[in-house]
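Notes for the one structure printed next.
The values are calculated or read from the model by the stated rules, or taken from the named source; none is laboratory data. Quick caveat: nothing in here was measured; it's all calculated off a predicted structure. With ideal geometry, Cβ positions are generated from the backbone for all residues, glycine too; neighbour counts draw on all protein chains shown.
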Amino acid sequence: MSEIAENSDRQSKGSLTVVGLGPGEAHWLTPAAQAAIEAATDLVGYDPYLARIPAREGQTRHGSDNRVEIERAGHALRLASAGRTVAVVSGGDPGVFAMAAAVFEALEAGNPAWRDIAITVEPGITAMLAAAARTGAPLGGDFCAISLSDNLKPWEVITTRLKAALAADFVICLYNPISKARPWQLGEALALAATQRSPETPVIFARAVGRPDEALRILPLTEAVEAAGTADMATLVMIGASTTRLIAREGQRPYVYTPRSVTKSPCVTSQGRT
Ligand code: SAH
């Protein structure tokens, strides 16, 4: 990372906006996010996200690897502190398992003078909302989101949360379901779900939503357990609640929806107890 002369003068401090790019398509980018990107003198982010933004003269790009989020956030804060107008770009929504938390983590631990920098978060459409919109209304009732990545938390924490969400009959959205370094976690999570939910429970595998290689599959839970290995890092997996159901259509993918009304206690629906 290059040396940056940080500014101690409050008046001439730059700014930092953490921008959500949405899941893929440009028309899913908010006008506010677009404006923040256009106004930036410096763009900071993971290379594939920067690649989605057309180059503009006079704008400097600081691309980096996916693994160095806190360093990238610190770099962005140093640039802003040196008077630059910085946009840190993130896929989907920047606050959902993404760069906004890394920026605040770096801010909390970093130079106290950084706390004077104007930091804004511009929301984006997160993967679970894009996947839900493509398939119907699976998030019509209560739901939760869990990252299956055990890079930043122990697997035991993940399974404890999963069991609690299953017992409470939430629709469960699984981010970061699988990667080359984490090949078995999704299979285990779905197998755990199969011990508490009926075999027909709809499971959505929504891959690369909003991109040219988008692929959507809706499988009953028993088949989803078998198909876990076919998901990849670009897939959002959604496990239906006991009330989530399909509306069949001739020759087309069914709609998936979860009604808003709930009459039974989760203890009855998910565990057969009162
Ligand atoms: N901030 C992002 C999530 C980052 S975590 C957001 O709000 O969407 C990365 C995970 O998000 C991926 O492993 C995948 O589970 C999910 N994801 C991101 N973009 C996606 C897309 N276009 N389609 C499906 N899932 C996606």
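For the reader, a short list of remarks on this structure follows.
- Test for Val88: is it within 30 Å of Arg134 (Cβ to Cβ), within 16 Å of the ligand (Cβ to nearest atom) and of a type outside the set (Ser, Thr, Tyr): yes
- For the range 253-265, the candidate set comprises residues that are outside any strand (DSSP E or B) and at pLDDT 95 or above; within that set, the residue that is nearest to the ligand (Cβ to nearest atom) is Thr258.
- Counting only strands (runs of 3 or more DSSP E) that fall entirely inside the range 108-226 and contain at least 1 residues that are under 19 Å from Ser90 (Cα atoms), the qualifying elements are 118-122, 143-147, 171-175, 202-207.
- Restricting the range 94-133 to residues that are in contact with a strand residue (DSSP E or B) (Cβ under 6 Å, 6 or more places away or on another chain) and of a type in the set (S, T, N, Q) leaves a set whose member that is farthest from the ligand (Cβ to nearest atom) is Thr120.
- Residues of the range 220-252 classified as within 16 Å of the ligand (Cβ to nearest atom) and either hydrophobic (A, V, I, L, M, F, W, C) or over 24 Å from the mean Cα position of the chain (by Cα) (or both), total: 10
- Flag if Thr85 is in contact (Cβ under 8 Å) with a residue 40 or more places away in the chain, over 29 Å from Ile146 (Cβ atoms), of a type in the set (Val, Ile, Thr) and crowded, with 16+ Cβ neighbours inside 10 Å: yes
- Conditions (1) surrounded by 14 or more Cβ atoms within 10 Å (Cβ to Cβ); (2) under 19 Å from Ala131 (Cα atoms); (3) not acidic (Asp, Glu): number failed by Ala248: (1)
- Verdict on Leu79 being touching an Asp or Glu at 6+ places or on another chain (Cβ under 7 Å), crowded, with 22+ Cβ neighbours inside 10 Å, at pLDDT 95 or above and not in a loop (DSSP other than H, G, I, E, B): yes
- Filtered by the rule that a residue be within 14 Å of the ligand (Cβ to nearest atom), among the β-branched types (Val, Ile, Thr) and over 27 Å from Val103 (Cβ atoms), the range 134-160 gives a lone residue, Thr135.
- Considering residues of the range 161-179 that are closer than 19 Å to Ala206 by Cβ and out of contact with any helix residue (DSSP H, G or I) (no Cβ under 7 Å at 6 or more places or on another chain) only, the residue nearest to the ligand (Cβ to nearest atom): Asn176
- When Glu69 is tested against (1) surrounded by fewer than 15 Cβ atoms within 10 Å (Cβ to Cβ); (2) at pLDDT below 95; (3) under 22 Å from the mean Cα position of the chain (by Cα), just one condition goes unmet, and that condition is (1).
- Pairing each residue of the range 48-62 that is more than 22 Å from Ala234 (Cα to Cα) with any residue that is assigned to a loop (DSSP other than H, G, I, E, B), provided the two are 6+ apart or on different chains, yields C-beta distances under 7 Å for Gln59/Ala40; Gln59/Thr41; Thr60/Thr41.
- Scan of the range 29-55 for residues that are at pLDDT 95 or above and in a helix (DSSP H, G or I), ordered by number: Pro31, Ala32, Ala33, Gln34, Ala35, Ala36, Ile37, Glu38, Ala39
- Tally, over the range 99-116, of residues that are touching a Gly at 6+ places or on another chain (Cβ under 7 Å) and buried (at least 20 other Cβ atoms within 10 Å of the Cβ): 1
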